[in-house]
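One structure is given below, encoded as structure tokens.
The values are calculated or read from the model by the stated rules, or taken from the named source; none is laboratory data. Owing to the predicted nature of the structure, the values given are computational and were not obtained by experimental measurement. Quick reminder, even Gly has a Cβ in these numbers, built from the backbone with ideal geometry, and neighbours come from all protein chains shown.
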Amino acid sequence: MLQTLRPKMNQKGFTLIELMIVIAIIGILAAIAIPQFATYRVRANNTKASTAAGISKSSEAALNQDVGLYGGTDFNTLVTGANVPGIGAPQYADQSALVAATPGNDGVRVSALNAFTNAESAVGFSVPAGVSLQVDANPAGDAYIAVAEPWRGIRAYAVDSDTENTMYFVQNEAFNGDALNNFSCTWPNLPLPGQDQFDGGATAGNGDPNPNWALLQ
């Protein structure tokens, strides 16, 4: 005898209303999470730039201890061919970090040649990925400034040899997404000994709504 096929009455599934509620909840969570993620990414990029500025300050201190001078940034071996103090070459870390110079291997460094003792020295340090960094010294080598700006960040950071344990910043939403090889912030004049080139907030920096460099608290 053939059995009559009967539909199972206990099958369960989601109703259209339930699916719509789940989709709405996912949409709300995404609307909250995506802006927060973008904010965290910008903040992380800013932090990389501030770290690079701080590392350059420590490197200049080590260089000054060796030869009594400050130097500018370039990309070369640790000691050979050290530069006289002066305007440094910008260092752009694109998709990966720039390595620190070592003996026999090119990398980022600050370097100087003491004209009186003919001693040369260089201190290598790395630059995080997505950061533009430049360190300038004056011709006498007794003062320097360093500026670091992140790609896809909104703040640039700066240090001055005449201000100990101090960092400056300038902020502008328009900085976000700028190319690595083009600093968006405005630089002060060439560093001079005994003068704070950023002047505690009186120096133009291309910020918005606050146009000047400000002391980082």
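Structure notes:
- Only residues that are closer than 15 Å to N206 by Cβ and in a loop (DSSP other than H, G, I, E, B) were counted in region 137-152, giving 0.
- In region 176-203, residue modelled with the highest pLDDT [restricted to those that are in contact with a strand residue (DSSP E or B) (Cβ under 7 Å, 6 or more places away or on another chain) and hydrophobic (A, V, I, L, M, F, W, C)]: C185
- Residue count for region 191-210, restricted to those that are touching a residue at least 12 places away in the same chain (Cβ under 8 Å) and over 26 Å from A93 (Cα atoms): 10
- Test: residue in region 72-79 that is charged (D, E, K, R) and surrounded by fewer than 16 Cβ atoms within 10 Å (Cβ to Cβ): no
- Within region 91-136, the residues that satisfy the criterion of being assigned to a loop (DSSP other than H, G, I, E, B) and crowded, with 16+ Cβ neighbours inside 10 Å are A97, V99, A101, N114, F125, S126, P128, A129, G130.
- Within region 137-162, being over 22 Å from Q217 (Cα atoms) and crowded, with 20+ Cβ neighbours inside 10 Å holds for A137, N138, G141, A143, W151.
- One residue from D196, D208 being part of a loop (DSSP other than H, G, I, E, B), of a type in the set (D, E, K, R) and farther than 19 Å from N64 by Cα: D208
- Residue check for V84: modelled with pLDDT of 95 or more, farther than 21 Å from R43 by Cβ and either touching a helix residue (DSSP H, G or I) at 6+ places or on another chain (Cβ under 7 Å) or not in a helix (DSSP H, G or I) (or both): no
- Hits in region 172-190 - residues which are in a loop (DSSP other than H, G, I, E, B) and either exposed (fewer than 13 other Cβ atoms within 10 Å of the Cβ) or free of Cβ contacts under 8 Å to residues at least 60 places away in the same chain (or both): N172, G177, D178, A179, N181, N182, S184, C185, T186, W187, P188, N189
- Within region 82-108, residues that are closer than 21 Å to I145 by Cβ and touching a residue at least 60 places away in the same chain (Cβ under 8 Å) have Cβ atoms under 7 Å from residues that are surrounded by fewer than 16 Cβ atoms within 10 Å (Cβ to Cβ) and not small (G, A, S) in these pairs: Y92/N181, counting only partners at least 6 apart in sequence or on another chain.
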